[in-house]
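Q: Before I ask anything, let me first share the structure, which is written out below as structure tokens.
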Amino acid sequence: MLSTYTWPRYAYRRAPELSAATPRRVPLVIVGAGPVGLAAAIDAAQRGLQVIVLDEDNTVSIGSRGVCYAKRTLEIFDRLGLGDRVVAKGVTWNVGRTFHGEREVFSFNLLPEAGHQRPGMVNLQQYHLEQFLVERAMQFPAIDLRWQHKLVSVTPGADGVQLDVDSADGRYTLHADWLIAADGSKSGVRRQMGLDVEGKVFQDRFLIADVVLDGEPFALERTERRFWFDPPFHRGESALMHRQADNVWRLDFQLGWEADPEAEKNPERVRTRVRAALDSQGFADIGFELEWVSVYTFQCRRMAKFRHGRVLFVGDSAHQVSPFGARGANSGVQDADNLVWKLKLVIDGAAPASLLDSYDHERGQAADENLLNSTRSTDFMTPKTRAARVLRDAVLSLADEVPAGRALVNSGRLSVPTVLADSALNTPDSEAFDGWMVPGAPLDDAPVRGADGREGWLLPHTGNGFVLLRFGRPDAIESAAIEALAREPIAVHPLWVLAPGEPAAAGQAWVCDRDGLAARRCDARPGTCYLIRPDQHVAARWRRFDAAAVRAARGRATGQATA
Amino acid sequence: MTKLNTQPNFAAAGRRSRHAYSPGDDFYDALIAAHRGLTDAQSELLNARLLLLLANHVGDLDVLREAIELARAGVVATGKAP
């Protein structure tokens, strides 16, 4: 098969522990150098933690895996310093079109409004993403990336975790204060600890063909996702077509549970299917070569708890969903985003270890939402009973005719960030606000002009610790009171969000809300304050600044006992 | 004049949904769940009972006749087996 990609080989290095007399005690070990483990490692290093990453392999993901990275994940990649690289290499798209037979029955736009830096979705082969993450991680001396170091046993204790690791030079032991298990759906850490992951396997098989085209079906800037129920080229089943980087295209064919996976992987058979799919869309003049073929099944399941003492499960080790909705890698990266700032506070002794229970609660809620949506999509695409099939077909036939039917067509509800509305870390509103920026929601982006006069975006001004957005210019007394918060142990950094033309004072952090979109999305008036967590979620908001209220909200958001 | 509403119309009282698809997906999920564990004959009976309850709730015969015509037209036109 053709390959558009050369796999890097990362160098194995001998562990210093092999020469040490006594096992070393380290603050944080991450198992698994996939997208989620690497995101966690970079986040930890950026927040000033030392981290060891163990991976049994020495390269990035082989074969067809994650493809779609959602807006919120791209914003996290921006915070981790690789957003531009991912977006530049990837394929940006916002529009998805769904067909029933030959007719288009439904289309969606992931980003129906302007004024956001990042698009609804970027498609990129997982190996490219992992390579970018590895290269970013290598920029941090605080990250000790250990390729071909295989974790062989995990012994959790009250004040840490003992890890035994195999390497080419022999076995050694690490004592980690905290362990992040980012070791995937077959998690060795989970198995070692005898923990279950509960849910169901779906009885269906899907064929993936990644193909390199020698022409362009549609221009890069008009890239769209296409999904078919019962297409003319693949009767009775569903199919999906997605564009990736380097003119590699992902075709996904539903096969049914009875299909023979080995026979379906026969290259001639796959070529026939791909040819028919292209021809049927009017792309008969475009040739292709296969890059990767596999047949997969999937499961929708999660662990009951993501925190087990000093071991924290993130990504696929904690929860697995069907691929319809791009909720796998996206939710994993969002797990890391949620966890690492909390872990930093706990390791520093600035917050109690119980703060980490909020990771389990918040990301458990997100996992439930992802499982619900991906299970619903799967139920629609793969009806399991005759009654379910009749109803599904009825929706599709109505969708040909009336908008009411279209609204029920479910070809995947794509990853959107979870609003952590039930979190104990939120301070409930005591005043009325319109809009969606409720406590627990991720802060919406908006175009702003920086103090240096350059055009930019709101989100990059947040994420490094707590930030207090203060809309409009405060007077000298309020300004001094806000500035004082930045000098406290858990600093709250002020950011003034000024209307166009509003004068700023020197020495203060401010942005100009040039189109008024930040204020509109936050339903802000002059004096409104938003407390933003280090993971860019809203912790609290008020119509006017009150230092005691901000301190109480910060205490609540960091798991301190509240009166 | 047409009285039948064929625009997306699902909503949960007192609840706002950020995603337009959510209330419709909630309904569809509830409907599929109601069929779980039933035989084909029981499922047909469930559909018929549900239809009659909803028709009574709508009540307006003009609307119901329009819905019946629209539903039947699609079945006859596509010639699909149920």
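Q: Put +1 on the Cβ of each Lys and Arg and -1 on the Cβ of each Asp and Glu in chain B; which of B:46, B:28, B:11 then has its Cα farthest toward the positive end of the dipole?
A: The residue sitting farthest along the positive end of the dipole is B:11.
Q: Please report the equivalent ellipsoid semi-axes of the stretch A:398-445, computed as sqrt(5 x eigenvalue) of the Cα gyration tensor, largest first, in whole Å. Intermediate values should be presented prior to the final figure.
A: Details: eigenvalues 223, 37, 18 Å².
One finds semi-axes of 33, 14, 10 Å for the stretch A:398-445.
Q: Follow-up question, since we're still on this one. Under 8 Å for C-alpha pairs, at least 6 residues apart: give me the relative contact order for chain A, rounded to a whole percent. It would help to have the intermediate numbers written out before the result.
A: Values: 1208 pairs, mean separation 79.7, N = 563.
With pairs under 8 Å counted, the relative contact order is 14 percent.
Q: Over chain A, what number does the Rg to Rh ratio reach, with both radii from the alpha-carbon atoms and Rh per Kirkwood? List each step's numbers first, then the result.
A: Working: Rg = 24.7 Å, Rh = 25.1 Å.
Over the Cα atoms of chain A, Rg/Rh equals 0.98.
Q: Rounded to the nearest 0.05, what FRET efficiency do residue A:218 and residue A:551 give with R0 = 56 Å and r taken as the Cβ-Cβ distance? Could you check? Don't jump to the answer; show the numbers that get you there.
A: Details: r = 54 Å, r/R0 = 0.96.
My answer for the efficiency is 0.55.
Q: Report, in cubic angstrom per residue, the convex hull volume of the C-alpha atoms of the stretch A:1-145. Could you put the intermediate results ahead of the total?
A: Numbers: hull volume 21.3 nm³, N = 145.
For the stretch A:1-145, the hull spanned by Cα atoms encloses 147 Å³ per residue.
Q: How well do other chains shield peptide B:34-42, expressed as the mean number of their Cβ atoms within 10 Å of each residue Cβ? Don't jump to the answer; show the numbers that get you there.
A: Details: counts 1, 8, 4, 1, 3, 3, 4, 0, 1.
The mean count of partner-chain Cβ atoms within 10 Å per residue comes to 3.
Q: At what distance in angstrom do the alpha carbon centres of the stretch A:257-327 and the stretch A:468-526 lie from each other?
A: Using only Cα atoms to place each centre, the spacing works out to 47 Å.
Q: Using a 10 Å cut-off around each Cβ of peptide A:403-415, what is the average number of partner chain Cβ atoms that fall inside?
A: Values: counts 5, 8, 3, 4, 11, 8, 3, 5, 0, 0, 4, 1, 0.
Partner Cβ neighbours, averaged per residue: 4.
Q: Something else: Please work out the Cα center distance from the stretch A:1-80 to the stretch A:162-227, rounded to the nearest Å.
A: 12
Q: Calculated from DSSP H runs of 4 or more alone, at -39500 (n - 2.57) each and per residue, what is the 222 nm mean residue ellipticity of chain B, nearest 500? Before the final figure, lay out the partial values.
A: On the way: 3 runs with 51 residues, N = 82.
Mean residue ellipticity, 222 nm, calculated: -21000 deg cm²/dmol.
Q: Along the Cα→Cβ direction, 7 angstrom out, place labels at residue A:7 and residue A:103. What is the inter-label distance in nm?
A: A separation of 4.7 nm, rounded to one decimal place.
Q: Report, largest value first, the span of the C-alpha coordinates of the stretch A:512-563 along each principal axis, in whole Å.
A: Ordered largest first, the stretch A:512-563 gives principal extents of 40, 23, 15 Å.
Q: Give the average, rounded to an integer, of partner chain Cβ atoms located within 10 angstrom of each Cβ in A:387-400.
A: For this peptide, the per-residue mean of nearby foreign Cβ atoms is 4.
Q: Let me ask you something else. Nearest 0.05, what FRET efficiency do residue A:499 and residue A:350 give at R0 = 41 Å with Cβ-Cβ as r? It would help to have the intermediate numbers written out before the result.
A: Numbers: r = 35 Å, r/R0 = 0.85.
That gives a FRET efficiency of 0.70.
Q: Quick one: Kirkwood hydrodynamic radius for the stretch A:53-97, alpha-carbon pairs, angstrom, one decimal?
A: Details: mean 1/r = 0.0788 Å⁻¹.
Hydrodynamic radius (Kirkwood, Cα pairs) of the stretch A:53-97 is 12.7 Å.
Q: Only Lys, Arg, Asp and Glu count, each charged at its Cβ (+1, +1, -1, -1), so figure out the dipole size of chain A about its Cα centre, rounded to 20 debye. Could the numbers behind the result be given before it?
A: Working: 67 positive and 72 negative charges, 140 e Å.
Dipole of chain A, to the nearest 20 debye: 680 debye.
Q: What is the percent of Cα-Cα separations in the stretch A:147-273 that go past 24 Å? Let's see the in-between values first.
A: Numbers: 4473 of 8001 pairs.
Result for the distance tail: 56 percent.
Q: Sticking with this one: What ranking, highest mean first, results for peptides A:256-268, A:6-18, A:285-297 when packing means the other Cβ atoms within 10 Å averaged over each residue? Write down the numbers at each step before the final one.
A: Values: A:256-268: 11.5, A:6-18: 13.3, A:285-297: 16.5.
Result, highest mean Cβ count within 10 Å first: A:285-297, A:6-18, A:256-268.
Q: Sorting A:303, A:437, A:138, A:121 on the 10 Å Cβ count, fewest up front, what's the list?
A: Lowest count first: A:138, A:437, A:303, A:121.
Q: Another question, then. Taking a temperature of 20 °C and a viscosity of 1.002 mPa s, what whole-number D in µm²/s does Stokes-Einstein yield for the stretch A:206-299 with Rh from Kirkwood over alpha carbon pairs? Can you show the working numbers first?
A: On the way: Rh = 13.5 Å.
Translational diffusion coefficient: 158 µm²/s.
Q: By count of other Cβ within 10 Å, fewest leading, how are A:513, A:348 ordered? Each step should come with its number before you reach the end.
A: Details: A:513 27, A:348 14.
Least to most surrounded, the residues fall as A:348, A:513.
Q: Which of A:266, A:40, A:409 sits closest to the plus end of the dipole of the protein assembly as shown, meaning its Cα is farthest towards the positive end, when Lys and Arg get +1 and Asp and Glu get -1 on the C-beta?
A: It is A:40, whose Cα lies furthest towards the positive end.
Q: Continuing with the same structure: At 222 nm, what helix-only mean residue ellipticity would chain A give, in deg cm²/dmol to the nearest 500, using -39500 (n - 2.57) for each DSSP H run of four or more? Working shown, then result.
A: Numbers: 14 runs with 155 residues, N = 563.
Estimated from H runs of four or more residues: -8500 deg cm²/dmol.
Q: Report P(r) for chain B: all Cα-Cα distances, bin width 10 Å, range 0 to the bin holding the largest distance, values in whole percent.
A: 14, 34, 43, 10, 0
Quick note: the coordinates plus some simple rules give every number you see, no bench work behind them. Note that this is a predicted model, so its numbers are computed, not measured. Don't worry about glycine lacking a Cβ; one is built from the backbone with ideal geometry, like all the others, and counts go over all protein chains shown.
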